[in-house]
Ligand code: SF4
């Protein structure tokens, strides 16, 4: 068997920054430490922090007043910030800067009086946060059918924005439907689907045709991981999503000569290594790692954390 190991895969700069933020806080101030929503959508990452005493909440009103709360990489709505402020919580914002960029666009276009069509999954944490920036001016569209049902007048000033982790192909189908119905609808100044999503999808699109099966390492609630399985399947190569090597079903590999392995942006590399190790031991597989693009991207830690670290080092 041959293993094609996609590169880039796994952690992006936003996930790296968010995980480093929680780990540095655990090391700096210890627990209790609260994180609003899963810091990134990966079961293993969350469980590792829970074992260190970190508490994950889905409502900041669960955090006792005066404590520290970290906002996850997916971003939060202004209402969540207001609730945290009302409880006198110390807020550390680990929102990915590329998600913050979409929030800034949403606020700007809302101030300009435009109707915003937000392309994304309504139940995803990122979309809930972005929507909260201007609920009175925003409509979430999840499909071309949703676009058909819109009843804005043809002259309504409009712009569309998108979730950062969508499938580029699926987003384009929806955007095409928007442009057909509202040709004057503006596009965001720069693509909202982020570099990490784009690069991981391109790698799968390039490599899946060479494989008989694709294994994506990631959690089921990770939007970008699920999209990678869909892209492989659209290329004609069946795909399976696993959290780690223990979820591999060796029945999937019957007749498979080449397997593509990749990982969503929130999946740690040690889990990828575990899958590779399991396949190499069982099938004596050769490994090839074609590099599609060299990313070299980093994001700074949240400013609130940098201030805390400075205070601690000068104390
Ligand atoms: S997937 Fe993209 S938007 Fe999401 S955290 Fe990573 S870099 Fe940021």
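The values are calculated or read from the model by the stated rules, or taken from the named source; none is laboratory data. Note that this is a predicted model, so its numbers are computed, not measured. Glycine gets a Cβ as well: all are built from the backbone with ideal geometry, and neighbour counts include every protein chain shown.
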- Item | Per-region count, the range 1-33, residues at negative phi, part of a loop (DSSP other than H, G, I, E, B) and within 13 Å of the ligand (Cβ to nearest atom) | 4
- Item | Some residue of the range 56-72 being more than 16 Å from the ligand (Cβ to nearest atom), surrounded by fewer than 20 Cβ atoms within 10 Å (Cβ to Cβ) and within 25 Å of residue 270 (Cα to Cα) | yes
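For the range 34-65, name all the residues that are part of a loop (DSSP other than H, G, I, E, B) and more than 15 Å from the chain's Cα centre (by Cα). Spell out the reasoning first.
Of the range 34-65, the ones part of a loop (DSSP other than H, G, I, E, B) are 37-42, 52-53, 58-59, 63-65.
The answer is 52, 53, 58, 59, 63, 64, 65.
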- Of all residues in the range 278-293, which are surrounded by fewer than 12 Cβ atoms within 10 Å (Cβ to Cβ) and without any contact (Cβ under 8 Å) to a residue 40 or more places away in the chain? 281
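State all residues of the range 257-273 that are crowded, with 17+ Cβ neighbours inside 10 Å and away from the ligand (no atom under 16 Å from the Cβ); if no residue qualifies, say none.
Here is the first cut: in the range 257-273, the ones crowded, with 17+ Cβ neighbours inside 10 Å are 258-268, 271-272.
Within the range 257-273, 258, 259, 260, 261, 271, 272 meet the criteria.
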- Message: Within the range 229-239, does at least one residue satisfy the condition of being more than 16 Å from the ligand (Cβ to nearest atom) and assigned by TED's automatic domain parsing to the domain that holds residue 39?
- Response: no
- Note on the structure: Counting only residues that are away from the ligand (no atom under 16 Å from the Cβ), within 22 Å of residue 97 (Cβ to Cβ) and either loosely packed, with under 12 Cβ neighbours inside 10 Å or free of Cβ contacts under 8 Å to residues at least 40 places away in the same chain (or both), the range 294-315 contains a total of 4
